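This report refers to the structure that appears directly beneath it.
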Amino acid sequence: MIEGFVATLVVLGATLILVASLGLLRLPDLYTRMHASTKPATLGVSLLAVALAVHSGELGIAVRALLIVFFFLLTAPVAAHRLGLAAYRAGVPRWEGTVRDDLRRDSQPDRS
């Protein structure tokens, strides 16, 4: 029973990491690539760490694996956001199909 659960977590985690890597290869610009790589990779690594915690059966390994999940969930989205903001401020071009730019100063709505 536990082996099936662990196998499911490993397959789901590996699939999400594969999706993240395909997003890096297929998407058109830095910003969409960051989005595609951060979210599924974070969940994929978290699922693999939970699978390790369940499979090991030892409290010390499980605690370390869950700490990995916690810190990964805490730091990966923040790091991606800061890198994206730095790239935007450095002038990295966006994909020409981008519809909205919330950070552009002159795109604020009129208040008259």
### Message
If a residue must be crowded, with 17+ Cβ neighbours inside 10 Å and not in a helix (DSSP H, G or I), how many such residues does the range 51-60 contain?
### Response
0
### Single residue of the range 1-50 satisfying the filter (assigned to a helix (DSSP H, G or I), out of contact with any Leu (no Cβ under 8 Å at 6 or more places or on another chain) and among the charged types (D, E, K, R)) that is nearest to LEU83 (Cα to Cα)
LYS39
### Task
Please go through the range 26-46 and pick out each residue that is in contact with a helix residue (DSSP H, G or I) (Cβ under 9 Å, 6 or more places away or on another chain) and surrounded by fewer than 16 Cβ atoms within 10 Å (Cβ to Cβ).
ARG26, HIS35
#### Entry: Unique residue being under 21 Å from the mean Cα position of the chain (by Cα), under 25 Å from VAL11 (Cβ atoms) and charged (D, E, K, R) when the list is ARG82, ARG64, ARG94
ARG64
### Summary
Expected output for the range 1-29 (first residue farther than 20 Å from VAL45 by Cβ and modelled with pLDDT of 95 or more, partner surrounded by 13 or more Cβ atoms within 10 Å (Cβ to Cβ) and among the aliphatic types (A, V, I, L, M), Cβ below 6 Å, 6+ apart or cross-chain) is none
### Query
How about the range 10-42: which of its residues are over 20 Å from LEU73 (Cα atoms) and among the basic types (Lys, Arg)?
ARG26
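The values are calculated or read from the model by the stated rules, or taken from the named source; none is laboratory data. Note that the coordinates shown come from a computational prediction; the quantities given were computed from them, not determined experimentally. Please note: Cβ atoms are built from the backbone with ideal geometry, for glycine as well, and neighbour counts cover all protein chains shown.
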